[in-house]
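A.B. asks: What follows is a structure written as structure tokens; I'll ask about it next.
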Amino acid sequence: MKTPLHQREQTRPARGQGDLAARALSCGWGFIATALVALGIAALKVEAEESDTAGALFRQGRTAYEQAQYAAAAALFQDAAQREPGAGALLNLGNAAWQNGQTGPAILAWERALWIDPRAEAARNNLRFARQRAELEEPRLTWFEVCSTWLPFNAWAWVAGVSLWASLALLVLPGALRWRRSDAQQALAAAAVAAFLLSLPGMAGIHTRSRLGFIQPKEAALRLTPTREAQLLARLPAGEPARLEVRKGDYAYIRTRHAAGWIRAEEWRGLGGVERR
Amino acid sequence: MRCDSSCNHQPLKPRNPRKDAPAQRWVAAALFRLGLGPFEPGRRAVPFLQFARCVVLATAGLRPSRAWLLAGALLVSAARAPAAQPGQTGPLILGFEITNAPPLVATPAARPTNLVPATAVAPPAASNDPAVDPLVALMISQPAIDTLSPVVATAEFDPPVVGVGQVAVYRVMMNALQESVDWPALPAVPPGLEFRAGGRGTLLRGAGASLVPDTTFLYHAQAATSGVYQVPGFVVTAYGRPVAVPSATLRVVAPPPSNAAIAPRLWLDVPGREFYVGQSIPVRVITPPGPDGSVRVASQIQVRGDDFVVDRSLMMQRVENVPVGGRTQPVYVYETVATPIRSGTVVLAAQGFVSSPRVLPPSATNPATVVVSYPLVDSEPVSLTVRPLPREGVPPGFTGAIGTFKVDPPKLTTNRVRAGDPVQLSVTVRGVGNLERLIPPSPVASGDWQSFPAAPDDAQPALVRVRGFTTFTNTLIPLVAGAQTTPPIPFAAFDPREGRYVDLSVPGVEIFVEPAPPGSTLTNAAALRLARTNRRAAAEAPLTLSALATTSGPAVGSLVPLQQRAWFPLFQIGPLAALAAVWAWARRRRFLEENPGILVRRRARRSLRRHRRELRHAAEQQDASAFLTHALSALREACAPWAPADPHALVCADILAGLPPQAAAETKAGLSTGPGRGSAETAAQATLVRQLFTAADAWRYGRREPDRVALLALHAPVDCLLEELYQRL
């Protein structure tokens, strides 16, 4: 049996006490909001500091490169790229590594620059130049991986996400909000669906291309089993493209165009930073 | 149903999405054109274009809900590999063949007619199918190679007795294919004996209806001291089965025996020892004559070594007189061309199967017979020093020509032509070098000429080499009229004798171009010229390392793609939850619209609660007027849903009619506990309501203030009544 309303009303705090409770509640939400804003500001501040540090390292790297101190320049650009991976920093890292005689790290850096910014023509030309000089092959890409090279690596996820939710919204919202169905809505919905479907090959290409990497040292040993004394199958040159298939301890099973086998994990570096996971 | 101006209800016509969506078709057409516009119609873009067309066609003219299903079905069908086609070596994905294995290429070498290729494999069963390829039929007609007989190995030193410092050949022969033998790097060599690996090869000899492979492994042995050296027997694997190689003994004596045989060797003649990468080196392999001066023919001659390629199409063989041992004798000469492909020290060696006839003495039953054997013989290795071509100062037009050349004056088929008509320009290059593999240079890109890639000389490479010149022809089309010259052809060659590049550019030839006939157009000539110029400029520009970037450029937080991060799927929950909430809200709204009473009663409850709070507050403040006002408002709000009417429109009679019928219902159902209880309570409630309205009317119309004490004393019963009305809501 429900409590009579007048009793319920009597148990409720008086107007003054209710105001205090409401105030306390609003203060609690306000505290949480303030804390979130403070955290965001702190995060932005940390990011700004990192950016400043990365910028300083970038400038120092340029100075060292201009003074022909390529090893130091490579180290500075490497540090800058780790703090703030950017196409320009990776391009310069590749140049410094190449001048320092490190073909593998140079090719990896230029490929990563293209991974971030496919319009970086300088990185593309440097890759052609380096592969011609070192007589290396280009990585073989499937058709959907070629599609994925048309946009930056994160763009496909954004396109797919935005188009998917836009199309679902255009499907659900007009009916829910009782908007008058117009041709423009239909067209936008169709365009969003098409955009989502067209982004799927790019997404697939990014996923598979993230496991593409390059050999780092000059003569990396490709072995039959993931052991140090295993039979040597081949010696891979620096900059040779290889795809990661499986990781096991300190070794990784990779596949090149002509061979497949186990290699020490630190001798292979992937485009998508796979080795860090 | 919709209502027109005359309120005649008419049924709505069903919508036709095709007819009602012109904008949708426009978007679909734009996407289709976009898919064709900026993409190169190259091999790799074709599968994506096919997929894109499927998607666009699926969404064009359809409602998005159907587009999902159709596009999904098309995606599945597009990804399915079609049936294998003739000649296909790998799976087809969207028409794009995926293959991992390089195709096998058969390169049969020229050899005497009484021998067969050593690389022949066991032929498949003969087929009576008339559509069988002639080459396959030829292969099928070859006799089978015997791989089932027991493998027997022999080992010997040739000659078995040599002097100190002289070379003897250690020869191991077995009747198995070379590829099936698991041969060690070096047999066990006795101390004091130097071993150096020589040639190895397989010869097929006829034995009845099949061919027997005879494989030979050669080593060259030399000892610095006299003695007897024995290479012990060892075991190798052939066809997966162990084969015992017997031991062999070499006697090294000092001084060397006077009538000792000399180990048979081939002579490798290379003109010079210093060459350049890419330079054609004429190599002659000479087979020494027999002890009686007879010409010995060598078959399956190979020039072995790493880092160079041999052009088999330039092979020539002949018998010529060369000085041997102080006198001129006829010998068999095999000539070919080797091209080094790497700088550094390159080692060449030759091997071949040399005919070696032996006369068997007559026996009681057989006359003297001649038995011909073909032992494998090799040559001394020759070390060459190969230098790279200089990278600096490479002139334009250098296409890999290395040699001493000169260019004849170019010739035009005509010196008078109309604009738009083709004319051929022939250039002849003479000299010594890699003429037979010369890549014709291209004319300089000119806005007034359209040029096509030069057609190389169609003569056989061997003929080109022998005759010493080659001719290539350029087809040119003038685009503008007037007197002019043909575009020059930059051409350069590297002269290995001088060690520098030599400019052999072909100058332009004067020609008069008449205007094009009236009515003809050189369409898009300007665009063609510009595009061609840009393409050539880009193709010929040497690649160099770029300059440093001035800024860090677009940066990202991590190189890991978004879709592979752990939070990305969780991030999708937000919009999903929002859409779900909107959908649920729409459903709720529809439900409330179908049940309007719910909202009315909810509103009434809210208002009733507010008025009761004010009523209580007025009672505490002893404010009779406020008490009366809020009491009546509360009653009106509580009874309005049952009227139904606006609460402000209700009067006392409406309130009395809206009082709870609980007592009447209990009486009717016989549940009343007493004869007068329900009706008494109802009457009391009715009296209470009348009192309130009477007081309100008196105050409003009679200007008489209500009796505060009496009125406020009604707080409790009013509150009970309101509670009952609230429960009813």
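A.B. asks: So B:R312 ticks every box in (1) at pLDDT below 90; (2) assigned to a strand (DSSP E or B); (3) more than 30 Å from B:S343 (Cβ to Cβ) but one. Which box is left unticked?
C.D. replies: (3)
A.B. asks: Then there's this: What are the pairs, 6+ residues apart or on separate chains, where a residue within region A:112-128 that is within 7 Å of chain B (Cβ to nearest Cβ) and over 26 Å from A:A157 (Cα atoms) has its Cβ under 7 Å from a residue that is of a type in the set (A, V, I, L, M, F, W, C) and surrounded by fewer than 21 Cβ atoms within 10 Å (Cβ to Cβ)?
C.D. replies: From region A:112-128, the pairs are A:N125/B:L543; A:N126/B:L545; A:R128/B:L543.
A.B. asks: Further question: For B:L656, are the conditions met, namely being farther than 30 Å from A:A155 by Cα, more than 13 Å from chain A (Cβ to nearest Cβ) and touching a residue at least 24 places away in the same chain (Cβ under 8 Å)? Quick ask: steps written out before the conclusion?
C.D. replies: Details: farther than 30 Å from A:A155 by Cα: yes; more than 13 Å from chain A (Cβ to nearest Cβ): yes; touching a residue at least 24 places away in the same chain (Cβ under 8 Å): yes.
Judged against the criteria, B:L656 is a match.
A.B. asks: Can you report the number of residues in region B:547-584 which are surrounded by fewer than 17 Cβ atoms within 10 Å (Cβ to Cβ), among the aliphatic types (A, V, I, L, M) and facing chain A (nearest Cβ under 7 Å)?
C.D. replies: 1
A.B. asks: Let me ask something additional. Residues of region B:141-188 being closer than 19 Å to B:F353 by Cα, polar (S, T, N, Q) and in a loop (DSSP other than H, G, I, E, B), which ones?
C.D. replies: B:N175
A.B. asks: Within region B:228-258, track down each residue that is small (G, A, S) and at pLDDT 90 or above. Please lay out each step first, then the result.
C.D. replies: The first filter runs over region B:228-258 and keeps only residues small (G, A, S), leaving B:233, B:238, B:240, B:244, B:247-248, B:254, B:258.
Within region B:228-258, B:G233, B:A244, B:S247, B:A248 qualify.
A.B. asks: Look through region A:184-206, keep the residues that are touching a Phe, Trp or Tyr at 6+ places or on another chain (Cβ under 9 Å) and within 7 Å of chain B (Cβ to nearest Cβ), and return whichever of them is surrounded by the most Cβ atoms within 10 Å (Cβ to Cβ).
C.D. replies: Checking each candidate, the answer is A:I206.
A.B. asks: Please note which strands (runs of 3 or more DSSP E) are completely contained in region A:202-277 and include at least 1 residues that are farther than 25 Å from A:R133 by Cα. Don't jump to the end; show me each part of the working.
C.D. replies: Values: elements: A:212-215, A:219-223, A:232-237, A:241-248, A:251-255, A:260-264, A:268-270.
So the answer is A:219-223, A:232-237, A:241-248, A:251-255, A:260-264.
A.B. asks: Checking B:D269 against (1) in contact (Cβ under 8 Å) with a residue 24 or more places away in the chain; (2) among the acidic types (D, E); (3) within 30 Å of B:P390 (Cα to Cα), which single condition isn't satisfied?
C.D. replies: B:D269 satisfies all of (1) in contact (Cβ under 8 Å) with a residue 24 or more places away in the chain; (2) among the acidic types (D, E); (3) within 30 Å of B:P390 (Cα to Cα) except (1).
A.B. asks: Among the residues of region A:225-233, are any of a type in the set (A, V, I, L, M), closer than 27 Å to A:E137 by Cβ and surrounded by 14 or more Cβ atoms within 10 Å (Cβ to Cβ)?
C.D. replies: Narrowing region A:225-233 to residues of a type in the set (A, V, I, L, M): A:230, A:232-233.
Next cut, closer than 27 Å to A:E137 by Cβ only: A:230, A:232-233.
Now restrict to residues that are surrounded by 14 or more Cβ atoms within 10 Å (Cβ to Cβ): A:230, A:233.
Yes: one or more hits.
A.B. asks: Identify the residue in region B:438-448 that is modelled with pLDDT under 85 and buried (at least 20 other Cβ atoms within 10 Å of the Cβ) and, among all such residues, is nearest to B:V513 (Cα to Cα). Lay out the reasoning, then the answer.
C.D. replies: As a first pass, look at region B:438-448 and keep what is modelled with pLDDT under 85: B:441-448.
Those left that are additionally buried (at least 20 other Cβ atoms within 10 Å of the Cβ): B:441-443, B:446.
Working: B:P441: 24, B:S442: 21, B:P443: 18, B:S446: 15 Å.
Per the criteria, the residue is B:S446.
A.B. asks: Please name all residue pairs, on different chains or six or more residues apart, with Cβ atoms under 9 Å, provided the first residue is in region A:207-218 and is more than 12 Å from every other protein chain (Cβ to nearest Cβ) and surrounded by fewer than 18 Cβ atoms within 10 Å (Cβ to Cβ) and the second residue is charged (D, E, K, R) and in a helix (DSSP H, G or I).
C.D. replies: none
A.B. asks: Which of (1) under 18 Å from A:G272 (Cβ atoms); (2) within 12 Å of another protein chain (Cβ to nearest Cβ) does A:P139 not meet, given it meets every other one?
C.D. replies: (2)
A.B. asks: Check A:R180 against each of (1) surrounded by 15 or more Cβ atoms within 10 Å (Cβ to Cβ); (2) in contact with a Pro (Cβ under 9 Å, 6 or more places away or on another chain) and name the one condition it does not meet.
C.D. replies: (1)
A.B. asks: Separate question: Can you tell me which of (1) farther than 16 Å from A:E111 by Cβ; (2) within 18 Å of the chain's Cα centre (by Cα); (3) at the interface with another protein chain (Cβ under 7 Å from one of its Cβ atoms) is the one A:V146 doesn't meet?
C.D. replies: So A:V146 meets the others, but not (1).
A.B. asks: Yes or no: B:L615 touching a residue at least 40 places away in the same chain (Cβ under 8 Å), more than 8 Å from chain A (Cβ to nearest Cβ) and under 21 Å from B:A640 (Cβ atoms)?
C.D. replies: On the way: touching a residue at least 40 places away in the same chain (Cβ under 8 Å): yes; more than 8 Å from chain A (Cβ to nearest Cβ): yes; under 21 Å from B:A640 (Cβ atoms): yes.
In short, yes.
A.B. asks: Now a separate question. Quick check on region B:380-389. Is at least one of its residues acidic (D, E), in a strand (DSSP E or B) and surrounded by 13 or more Cβ atoms within 10 Å (Cβ to Cβ)? Step through it out loud before you land on a result.
C.D. replies: So in region B:380-389, the residues acidic (D, E) come out as B:380.
In the following step, the residues that additionally are in a strand (DSSP E or B) were identified as none.
Among the residues of region B:380-389, not one is acidic (D, E), in a strand (DSSP E or B) and surrounded by 13 or more Cβ atoms within 10 Å (Cβ to Cβ), which makes the answer no.
A.B. asks: With the requirement that a residue be crowded, with 18+ Cβ neighbours inside 10 Å and within 11 Å of chain B (Cβ to nearest Cβ), what does region A:65-82 give you?
C.D. replies: A:Y65, A:A73, A:F77, A:A80, A:A81
A.B. asks: Moving on to the next point. Restricting attention to region B:337-351, which residues are surrounded by 14 or more Cβ atoms within 10 Å (Cβ to Cβ) and more than 11 Å from B:L268 (Cβ to Cβ)?
C.D. replies: At the first step, the residues of region B:337-351 found to be surrounded by 14 or more Cβ atoms within 10 Å (Cβ to Cβ) are B:337-340, B:343, B:346, B:348-351.
Those that are surrounded by 14 or more Cβ atoms within 10 Å (Cβ to Cβ) and more than 11 Å from B:L268 (Cβ to Cβ): B:V337, B:T339, B:P340, B:S343, B:V346.
A.B. asks: Among the residues of region B:493-523 satisfying the criterion of being over 30 Å from B:V429 (Cα atoms) and surrounded by fewer than 10 Cβ atoms within 10 Å (Cβ to Cβ), which is modelled with the lowest pLDDT?
C.D. replies: Restricting attention to region B:493-523, the residues satisfying the condition of being over 30 Å from B:V429 (Cα atoms) are B:514-523.
Narrowing the set further to residues that are surrounded by fewer than 10 Cβ atoms within 10 Å (Cβ to Cβ) leaves B:518-519, B:521, B:523.
On the way: B:P518: 71, B:G519: 65, B:T521: 60, B:T523: 49.
Here the answer is B:T523.
A.B. asks: In addition: Looking for something of a type in the set (S, T, N, Q) and either under 25 Å from B:V169 (Cβ atoms) or surrounded by fewer than 16 Cβ atoms within 10 Å (Cβ to Cβ) (or both) - is there at least one such residue anywhere in region B:271-289?
C.D. replies: So far as region B:271-289 goes, yes, one or more of its residues are of a type in the set (S, T, N, Q) and either under 25 Å from B:V169 (Cβ atoms) or surrounded by fewer than 16 Cβ atoms within 10 Å (Cβ to Cβ) (or both).
A.B. asks: How about region B:180-197: which of its residues are surrounded by fewer than 16 Cβ atoms within 10 Å (Cβ to Cβ), among the small types (G, A, S) and modelled with pLDDT under 85?
C.D. replies: B:A185, B:A188
A.B. asks: Go over the candidates B:L218, B:L177, B:L148 one by one and state the one that is at pLDDT below 90, surrounded by 15 or more Cβ atoms within 10 Å (Cβ to Cβ) and not aromatic (F, W, Y).
C.D. replies: Values: B:L218 fails: at pLDDT below 90; B:L148 fails: surrounded by 15 or more Cβ atoms within 10 Å (Cβ to Cβ).
Exactly one residue qualifies, and that residue is B:L177.
The values are calculated or read from the model by the stated rules, or taken from the named source; none is laboratory data. For clarity, every value in this text was computed on a predicted model and none was experimentally measured. Cβ coordinates were reconstructed from backbone atoms using ideal geometry, including for glycine residues, and neighbour counts include every protein chain displayed.
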